[in-house]
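Structure first, then comments.
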Protein chains: 2
Amino acid sequence: MKTELSKTHLEAWRRYYPSFWRVYAAIEADLDAAKLPSLSWYDVLYQLYMAPERRLRMSELARSALLSRSGLTRLVDRLEKEGVLARKACPTDGRAQHAELTDKGVAVLRKIWPVYRAGIAKYFAAHLSEAEARQVATIFGRVFDAAECKE
Amino acid sequence: MKTELSKTHLEAWRRYYPSFWRVYAAIEADLDAAKLPSLSWYDVLYQLYMAPERRLRMSELARSALLSRSGLTRLVDRLEKEGVLARKACPTDGRAQHAELTDKGVAVLRKIWPVYRAGIAKYFAAHLSEAEARQVATIFGRVFDAAECKE
DNA sequence: GGGATATAGTTGCGTTTGCAACTAAAATCC
DNA sequence: GGATTTTAGTTGCAAACGCAACTATATCCC
């Protein structure tokens, strides 16, 4: 595994890293201003929305929503209390729980999305040409896949 | 301010956003495994290291280290307790405090950097050609600058 | 120059998160 | 098939952060 770092690559990181935080904070601020839940909610609900039967096991959800297992447990506690998802025991594995999106969850997702989309457009997409967007997708798709398995 | 979002741009976001979290988590994990302080420490110390006379006002530091003012106050509390920086009253403005990097702070910075650099190389740079790195720098420089002033 | 306003930093408090330890249910192994 | 190990999820606890309120100093404006 190579650990050298060219000046060019370092420069790329030095711009990429803080820009992410700014964009992220700006989008969160917009959601908050619209009295909507934060991106962590959206991430979980969206993963469920995409999943077959709108349900996932807790551990799968933790992985795809980029949270620790304990972090997810607490987040699902809050989401369940709000009624946007429900825990269901897994019929085939007594240890497992499924988190299942409710209709209310779908509705919440649909309320968040316009604001989220506008944030992505304003703080991110507005500064990329179509060609650049394609490149960014390619590059970070690669980065994402490589980071899947640790080390 | 445009808020439409092409499929291409959306796809770019959908790869960019989670890849950042994975890379970030992987680097933090490496730092933690090496019993080194986290990136938030590095960010603050590095900003001071780059600043004239290795010192910055709290509010400047908060902005450049991407933290809220209160968050910075607490972080500087911890850093000061570790002796890697020191608060100094500002001679020209009785309200202001300077955070000033100590020699120990420089030493800590130098201990963190090799691990951080290796993380950037492994999880990020290894997946970008030189040309792509230049483009990423250009693109996210633009994104960063635009996000400077809200709305 | 003195009262109103703005700015710098800190503090109280609540929220969110992760690690490590724990419980319970598979899966493995002899 | 019963003991051991692994896996799924939860819980105790502490760390880190942000918002709103607060204190102290500076600036503005008449």
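The values are calculated or read from the model by the stated rules, or taken from the named source; none is laboratory data. Values in this document were obtained by computation on a predicted structure and should not be read as measured data. Cβ sites come from the backbone with ideal geometry, for glycine too, and all protein chains shown count toward neighbours.
Before moving on, here are some points about what is shown:
- Of all residues in segment B:47-62 being out of contact with any Asp or Glu (no Cβ under 9 Å at 6 or more places or on another chain) and within 14 Å of DNA strand D (Cβ to nearest atom), the one that is farthest from the other protein chains (Cβ to nearest Cβ): B:MET58
- The set of residues from segment B:56-93 being among the aliphatic types (A, V, I, L, M) and assigned to a loop (DSSP other than H, G, I, E, B) comprises B:ALA65, B:LEU66, B:LEU67, B:VAL84.
- Taken together, the residues in segment B:94-117 that are among the small types (Gly, Ala, Ser) and either under 16 Å from the mean Cα position of the chain (by Cα) or assigned to a strand (DSSP E or B) (or both) amount to 2.
This table checks each residue for (1) out of contact with any Lys or Arg (no Cβ under 9 Å at 6 or more places or on another chain); (2) closer than 22 Å to A:PHE20 by Cβ.
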residue: B:ARG14; (1), (2): yes, yes
residue: B:SER19; (1), (2): no, yes
residue: B:ALA34; (1), (2): no, no
residue: B:TYR46; (1), (2): yes, yes
residue: B:ALA51; (1), (2): yes, no
residue: B:LEU66; (1), (2): no, yes
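- In segment B:65-116, residue surrounded by the fewest Cβ atoms within 10 Å (Cβ to Cβ) [restricted to those that are near DNA strand C (Cβ under 10 Å from one of its atoms) and in contact (Cβ under 8 Å) with a residue 40 or more places away in the chain]: B:GLN97
- Scanning segment B:118-151 for residues that are outside any helix (DSSP H, G or I) and facing chain A (nearest Cβ under 8 Å) yields B:PHE124, B:LEU128, B:GLU148, B:LYS150.
- Of all residues in segment B:79-93, exactly one satisfies the criterion of being under 17 Å from the mean Cα position of the chain (by Cα) and within 13 Å of DNA strand D (Cβ to nearest atom), namely B:LEU79.
- Exactly one residue out of B:ILE112, B:ILE139 is modelled with pLDDT of 95 or more and either of a type in the set (D, E, K, R) or within 22 Å of B:VAL44 (Cα to Cα) (or both), and it is B:ILE112.
- Here the condition is being modelled with pLDDT of 95 or more and charged (D, E, K, R); of B:GLU80, B:GLU151, it holds for B:GLU80 alone.
- Residue-level check: of (1) within 30 Å of A:PRO114 (Cβ to Cβ); (2) of a type outside the set (Ser, Thr, Tyr); (3) within 16 Å of DNA strand D (Cβ to nearest atom); (4) in contact (Cβ under 8 Å) with a residue 12 or more places away in the chain, B:LEU39 misses just (1).
- Residues of segment A:1-46 satisfying the condition of being more than 8 Å from chain B (Cβ to nearest Cβ), buried (at least 16 other Cβ atoms within 10 Å of the Cβ) and hydrophobic (A, V, I, L, M, F, W, C): A:ILE27, A:LEU31, A:LEU36, A:LEU39, A:TRP41, A:VAL44, A:LEU45
- Residue in segment B:47-55 that is farther than 25 Å from A:ALA29 by Cβ, among the hydroxyl-bearing types (Ser, Thr, Tyr) and modelled with pLDDT of 95 or more present: yes
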